[in-house]
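Structure first, commentary second.
The values are calculated or read from the model by the stated rules, or taken from the named source; none is laboratory data. Remember, predicted model here, so these are calculated numbers, not experimental data. Positions of Cβ are backbone-derived with ideal geometry, glycine not excepted, and every protein chain shown enters the neighbour counts.
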Amino acid sequence: MSGRVFSVILLPTSECNVACDYCFEHKEPHRLSQALLPLLTKRLLDHLENERIEECEIYWQGGEAMIMGPDWFTHAGEVMDSAAEKRGLQFAHYLQTNLISYSPAWNDVIHGMFNGSIGTSMDYPNVHRKLLRGGAEAYTKLWTQRLREAKAAGIEIGVIAVLHQASLEAGPEDFYRYFTEELGLGDFQVNTPFPGGPAKQHERDFRLDLGELAKFLVGLFDIWMARGYTSGVSLGPFDGLIDHFTGKQARLPCIWKENCSNQFISVDSKGTVAQCDCWVTSYPEYFFGNVFQEPDLTRMLKTSRVRRDFVERPKRLVRDNDCLSCRYLSICHGGCPVRTYSALGTMMAKDPYCEVYKSVFACAEAHGREILRCRHNQIRSSRNT
Ligand code: SF4
Ligand code: SF4
Ligand code: SF4
């Protein structure tokens, strides 16, 4: 086996029970049927065997994945895991949910299939995540209540925050305090926004001043290093960057993978295959094919003409952009194709957040150097005593 990881972002529905301003989903009332699960599982397992990959990570997302209900997931987990086991392969399941419909009925499936942990999202301040009736304030209140209930049930929760103009205005100090002190979280991550699909209508609210964004992220990085790094708070993507710059194995977000097309695909409830959830919900011109209509996923991925753009992007960036002369090329690889495509209408350009990334990398590099210097001094002084 190759030791490679293959990850599938699986959208069992694009329906959702809330209404975020920046949502890029086309919320169709369509759900993945239980009858098609064995076929989907077979296609994935055939691909793993063809590529000699032993384990496949399944990231269940939506829409809102919890709309499917806990029984649906219990059944899906059993079908997929037993089929994998028969072929000596394995699925690892992860759940990303807005938490709004969480109830104790979910506890068994979360502690079983999802290993006791889930991911959710919240922004600070929350102005764009809204209930269908009740707006942003009601959303924050209900979500916070669900978070506390899930934590009380022993569920570990990681939170993703999308930065927007009001986050930059609030500043990194308030932002950090909200997640760590007010919510009591030990694991969260910050994401940059991008307008895809219907979210395009709100594009102006999310086009951030890049200098301000860089300043915010560097400020947040410094606060986390001073207070969170040594006290066990995980703050992505900074923790991965510190690992990278201190010579450890780093788990970095997909935007900085060598080539996201090596590791990810997304499949929606109708079987549509594309690079990731952002593409499968927003850009039909970049669909790779349909897993229920085509018998061979490996062949689909190898022969898809539009997928070739993803595969060739890093090479093209090095040839046509200034990434080759960038000292951070080996960690950034030109950034995220969908952030580039949604801003510029082509993916054959470097990520529009380039200058922001450079500031964050430089900050991580400086902190990493300081950590290594302290470690070196400690080793020297322990040898001298
Ligand atoms: S961003 Fe997610 S939680 Fe928000 S409306 Fe869209 S699918 Fe629902
Ligand atoms: S297109 Fe961007 S968000 Fe999607 S998998 Fe690639 S790097 Fe990640
Ligand atoms: S930081 Fe900018 S120049 Fe450097 S590799 Fe990334 S996108 Fe290219």
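The condition of being outside any loop (DSSP other than H, G, I, E, B), surrounded by fewer than 16 Cβ atoms within 10 Å (Cβ to Cβ) and at pLDDT 95 or above does not hold for Leu45.
Checked against the criterion of being modelled with pLDDT of 95 or more, in a loop (DSSP other than H, G, I, E, B), in contact with a helix residue (DSSP H, G or I) (Cβ under 7 Å, 6 or more places away or on another chain) and surrounded by 19 or more Cβ atoms within 10 Å (Cβ to Cβ), the candidates Leu185, Leu208, Leu213, Leu220 yield just one match: Leu185. Contact annotation: residue pairs with Cβ atoms under 6 Å, 6 or more positions apart or on different chains, pairing a residue in the stretch 235-260 that is under 28 Å from Arg177 (Cα atoms) with a partner that is within 16 Å of ligand 1 (Cβ to nearest atom), are Gly236/Gln189. For the stretch 311-385, the helices (runs of 4 or more DSSP H) that sit wholly inside it and include 2 or more residues that are free of Cβ contacts under 8 Å to residues at least 12 places away in the same chain, over 18 Å from Trp256 (Cβ atoms) and away from ligand 1 (no atom under 16 Å from the Cβ) are 354-384. Listed by first and then second residue, the pairs linking a residue in the stretch 23-43 that is within 21 Å of Leu297 (Cα to Cα) to a residue that is of a type in the set (Gly, Ala, Ser) and not in a loop (DSSP other than H, G, I, E, B), with Cβ atoms under 6 Å apart and 6 or more places separating them unless they lie on different chains, are Leu37/Ala76; Thr41/Ala83.
Of the residues that make up the stretch 111-124, is at least one farther than 21 Å from Leu185 by Cβ, touching a Phe, Trp or Tyr at 6+ places or on another chain (Cβ under 7 Å) and either within 16 Å of ligand 3 (Cβ to nearest atom) or in a loop (DSSP other than H, G, I, E, B) (or both)? The answer is yes, given that some residue of the stretch 111-124 is farther than 21 Å from Leu185 by Cβ, touching a Phe, Trp or Tyr at 6+ places or on another chain (Cβ under 7 Å) and either within 16 Å of ligand 3 (Cβ to nearest atom) or in a loop (DSSP other than H, G, I, E, B) (or both). With respect to the conditions (1) more than 16 Å from ligand 2 (Cβ to nearest atom); (2) at pLDDT 95 or above; (3) not hydroxyl-bearing (Ser, Thr, Tyr), Asp320 falls short on a single one, namely (2).
Among residues of the stretch 125-136 that are within 13 Å of Ile100 (Cα to Cα), those with a beta-carbon under 9 Å from a residue that is hydroxyl-bearing (Ser, Thr, Tyr) at least six positions away or on a different chain give the pairs Arg129/Tyr22; Arg129/Ser121; Arg129/Tyr139; Arg129/Thr140; Lys130/Tyr139; Leu131/Tyr139.
Scanning the stretch 1-22 for residues that are under 20 Å from Ser101 (Cα atoms) and more than 16 Å from ligand 2 (Cβ to nearest atom) yields a count of 10. Taking (1) away from ligand 1 (no atom under 16 Å from the Cβ); (2) assigned to a loop (DSSP other than H, G, I, E, B); (3) touching a Lys or Arg at 6+ places or on another chain (Cβ under 9 Å) in turn, Asp21 satisfies each apart from (1).
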